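Every read-out reported here was derived from the displayed coordinates using simple, explicitly stated rules and does not represent laboratory data. Only a predicted model underlies this, so the values are computations on that prediction, with no experimental measurement involved. Backbone-built Cβ (ideal geometry, glycine too); neighbour counts: all protein chains shown.
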Amino acid sequence: MGRYGGGVLASSFSARRTSTTTTTTTTVSSNKIDVVLEAFSSGFEAEVMLAEEETQYRQRCRFSVGGSGAELHYRVGERRVDSFELASPRINAAMPRILRTFENLSLGLRAVHFHAPRSLDFPILVSLVYASPFDEAAWLDAARTLLPEIHCVGRSKGLTLACDRSSTLEKLFVDDRTFVLEFPEGSFCHPNARANERSLEWLCARLRDIGECDLLELYCGAANHTVTLAALCRTVVAVEVDATLVAAARRNLDRNGVTNATVLASDASKYCARLGAKIKNLFDALLVDPPRRGLDPKTRRILRHYDNVLYVSCNPAALQTDLDFLAETHQIRSFAVLDAFPRTPHLECLVHFERKDPAAS
Ligand SMILES: C[S@@+](CC[C@H](N)C(=O)[O-])C[C@H]1O[C@@H](n2cnc3c(N)ncnc32)[C@H](O)[C@@H]1O
């Protein structure tokens, strides 16, 4: 059981639910938030950011497909669906168009992925994933009929065919600033743009609280955080393992005029291991946004070096392991629960840890 919360069965906690919207949550949202508050927020106040939209909030969705020809259809789990209530209106409008366009090219088609930016200035990106080779010329002819609004990528083993882009752009509004970011097909991008902005606003507020710093950012993706946070830091070093995302991240820094950040292509734990003990003197704050499995043991060890650690988590269970690890040296300065995925069991936790005794660092 963790020093911070005592596990999900803890019976007492003193969190204040400070809802930032008036939206009523569904039962599933409400329960999952209560479970996290009970697990983590013992002895401090947690901010709860409820969803602004209960449905149609996803800009990114993946569907498996079944049938063929005129019977081609989407599936969510075992269910056959024509539309999806959590997907944005733009995705719902594109779904039948994709089936009609590719119904004669459905042999071996296994899945369709949509990424539809909120801004209508930017095209929808659709990936069609095949289990077997497909007729490339016929596929390109079909995909061209969807341009310019929809750009398709066809994938089968060893083949990636783009018509004619393999990334799209999104506009993000954070506090009073606007950013444009490129997100490549097939790599990570936050599925809910509005929740992403709220998470960025929370991170900006935390960095203002920390004051000017040299920030190490691990798991930076396409520089979604880097681009926004760099203006609040002296310097940022951002680390990402996916080469496609690293290239997009560097373009995103240029696109948004960021000159005090560097993106490094590396596995996070290898980067930390390479720097060894030097790592604690090079940076004075750390931001981590790991994948669902959380931090690996080597990366987890460096958390203790920093007076301030910002942690973005999409998996409370993995977060709990890291909270327990930091409990001796750090305390929670700020904790927010963000319902980025209403009507699902998933949510995001945002944590600012500060060292209990900064002189001991
Ligand atoms: C939850 S995403 C966060 C991305 C980014 N911070 C954002 O807001 O879009 C986690 C990222 O970690 C990257 N990643 C996964 N394992 C990694 C590792 N061992 N070292 C570095 N990056 C890794 C993934 O490619 C992905 O981009």
request  = Bin width 10 Å, alpha-carbon pairs only: give the P(r) of the chain as whole percents, running from 0 to the bin holding the largest distance.
outcome  = 5, 23, 30, 25, 13, 4, 0
task = Calculate, in nm to one decimal, what ASP141 and ASN31 gain on full extension: separation in residues at 0.36 nm each, minus their alpha carbon distance.
result = 34.8 nm
ask   = Could you give the dipole magnitude of region 222-360 about its Cα centre, charging the beta-carbon of Lys and Arg +1 and that of Asp and Glu -1, in debye to the nearest 20?
value = 340
remark   = The farthest towards the positive end of the charge dipole of region 260-361, of the residues ASN315, ASN260, PRO358, given +1 on Cβ of Lys and Arg and -1 on Cβ of Asp and Glu, is ASN260
request  = Return the sequence-ordered ³J(HN,Hα) values of region 326-341 in whole Hz as given by the Karplus equation 6.51 cos²θ - 1.76 cosθ + 1.60 applied to θ = phi - 60°, using x for Gly and Pro.
outcome  = 8, 4, 6, 9, 10, 10, 8, 8, 8, 9, 10, 10, 10, 7, 7, 9
query = If r is the Cβ-Cβ distance from THR235 to ASP357 and R0 is 30 Å, what FRET efficiency results, to the nearest 0.05?
reply = 0.70
query = In deg cm²/dmol, rounded to 500, what helix-only [θ] at 222 nm does the chain give when every DSSP H run of at least 4 residues adds -39500 (n - 2.57) and the total is split over its residues?
reply = -8500 deg cm²/dmol
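With +1 on each Lys and Arg Cβ and -1 on each Asp and Glu Cβ, how big is the dipole of the chain about its Cα centre, in debye rounded to the nearest 20?
With only Lys, Arg, Asp and Glu charged at Cβ, the dipole is about 600 debye.
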message = Out of the GluC sites (Glu not before Pro) in region 36-116, which ones are loop residues according to DSSP with at most 10 other C-beta atoms within 10 Å?
response = GLU78
query = So how far apart, in nm, are the two label points at GLU52 and THR344 if each is 7 Å from Cα heading toward Cβ?
reply = 1.9
remark   = Checked against the positive end of the charge dipole of the chain (+1 on Cβ of Lys and Arg, -1 on Cβ of Asp and Glu, about the Cα centre), the farthest of ALA195, ALA327, ILE124 is ALA327
task = Could you work out how far apart the two model spin labels at ARG62 and SER266 are, taking each label as a point 7 Å from the Cα in the direction of the beta carbon, and quote it in nm?
result = 2.9
query = In whole Å, what is the distance between the alpha-carbon centres of region 299-346 and region 188-262?
reply = 18
request  = Answer with one residue from SER68, PHE84, LEU146: the one whose Cα lies farthest towards the positive end of the charge dipole of region 60-168, charges on Cβ with Lys, Arg +1 and Asp, Glu -1.
outcome  = PHE84
